[in-house]
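**Q** The following block contains the structure, expressed as structure tokens.
The values are calculated or read from the model by the stated rules, or taken from the named source; none is laboratory data. Predicted, not measured: the structure shown is a model, and the values here were computed from it. FYI the Cβ positions are ideal-geometry reconstructions off the backbone, even for glycines, and counts take in every protein chain you see.
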Amino acid sequence: MRNLLQMTLDLFAPAEPQQWSASDPLLSGQPPAAALVVFPHPRANREVRLGNALVAYEFLRAKRRTIGFLIGVEGLVVRAPRWVPMAEVHAAVLEKSGWILKKLGETRERQSRLESNQIVWQDGAELPFLGKPMRLHLDPAHGFASAGAVLRDNPAPPDQAQRLCLHLGLAHNASPEQIRDAVQAWLMRQARRIFTERLDHFAPRLQVQWRKLSLSSAGTRWGSARSDGSIRLHWRLVHFRMDVIDYVVAHELSHLRVMDHSPRFWDTVGTVVPDYAQLKGQLKDEAVPRWA
């Protein structure tokens with residue numbers, strides 16, 4: 001069996017570290033204890049004071065050549081070679097303090113947005129569809145031709161924006177799980193239809209041919225592409241506006257020409273989506289609703 005190359009587009013791709021000045025107000029002076037911001041890691045075994053923040057982080061020895069920093073939902077993880085003394089590790093943390101605080105703050109803010117976007121699966125709940133708010137309405141009188149749901153424009157007063165309304169053929173006493181499953185089934189049908197249309201739109205322009213589309217539920221990837229023409233796209237991309245979806249579709253199709261993230265790859269993406277950098281940022285910054 002011949003080897004296949006595969007490239008992925010992560011949901012939360014790490015940003016490039018930025019250079020920070022020692023004169024940054026966040027890093028200078030010693031603010032009052034009341035202003036102290038704490039970033040704890042659940043497995044913290046080291047802590048350091050960085051400006052107005054106390055960062056408790058997990059420190060690990062690893063088989064690597066340099067000191068590495070990883071910031072995720074739990075907090076900061078620092079990995080260092082076994083031969084590097086702790087004094088050098090501490091100095092590296094201080095040197096990266098601006099970047100560390102920026103990313104910890106962004107991660108905390110994002111988690112806060114995610115928690116506030118928790119969907120309550122009941123009649124009248126809202127979630128985004130193609131970048132617009134969509135309200136759920138339990139409509140037991142209709143079966144909707146066995147599709148289970150139908151999308152309609154919801155009439156609104158003249159001074160309010162028109163909202164989409166997804167009518168679900170469910171009883172008013174349907175359980176949250178039944179409502180969630182019905183909505184997910186409808187969204188996945190829309191995802192396959194929309195993704196297929198956009199793949200067919202961009203493939204000829206990129207002079208590539210895709211062969212198979214799979215819907216993904218992977219926790220960390222928006223999409224992936226294999227050299228045999230197989231494309232995987234996360235079905236929850238349908239929460240985003242169409243131009244963001246187009247960026248992801250074009251990104252994965254471009255990998256059928258360039259299986260890396262070299263300048264030549266980004267030039268390829270830019271031929272069909274010139275504002276890809278802005279759309280890439282929106283893909284990272286816009287929190288999708290929590291699905292539970």
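**Q** Output yes when any residue across region 228-237 is small (Gly, Ala, Ser), in contact with an Asp or Glu (Cβ under 9 Å, 6 or more places away or on another chain) and not in a helix (DSSP H, G or I), and no when none is.
**A** So far as region 228-237 goes, no, none of its residues is small (Gly, Ala, Ser), in contact with an Asp or Glu (Cβ under 9 Å, 6 or more places away or on another chain) and not in a helix (DSSP H, G or I).
**Q** Of all the residues that make up region 67-87, how many are surrounded by 17 or more Cβ atoms within 10 Å (Cβ to Cβ) and assigned to a loop (DSSP other than H, G, I, E, B)?
**A** 2
**Q** On the given criteria, is residue 73 at pLDDT 65 or above and touching a helix residue (DSSP H, G or I) at 6+ places or on another chain (Cβ under 9 Å)?
**A** yes
**Q** While we're here: Is it fair to say residue 192 is over 22 Å from residue 259 (Cα atoms), modelled with pLDDT of 95 or more and either surrounded by fewer than 20 Cβ atoms within 10 Å (Cβ to Cβ) or under 21 Å from the mean Cα position of the chain (by Cα) (or both)?
**A** yes
**Q** For region 28-45, does any single residue satisfy the condition of being in a loop (DSSP other than H, G, I, E, B), modelled with pLDDT of 90 or more and in contact with a Gly (Cβ under 6 Å, 6 or more places away or on another chain)?
**A** yes
**Q** Specify the residue that is surrounded by the most Cβ atoms within 10 Å (Cβ to Cβ); the eligible residues are those in region 255-281 that are in contact with an Asp or Glu (Cβ under 9 Å, 6 or more places away or on another chain) and either under 17 Å from residue 208 (Cβ atoms) or not assigned by TED's automatic domain parsing to the domain that holds residue 195 (or both).
**A** By that ranking, first place goes to 273.
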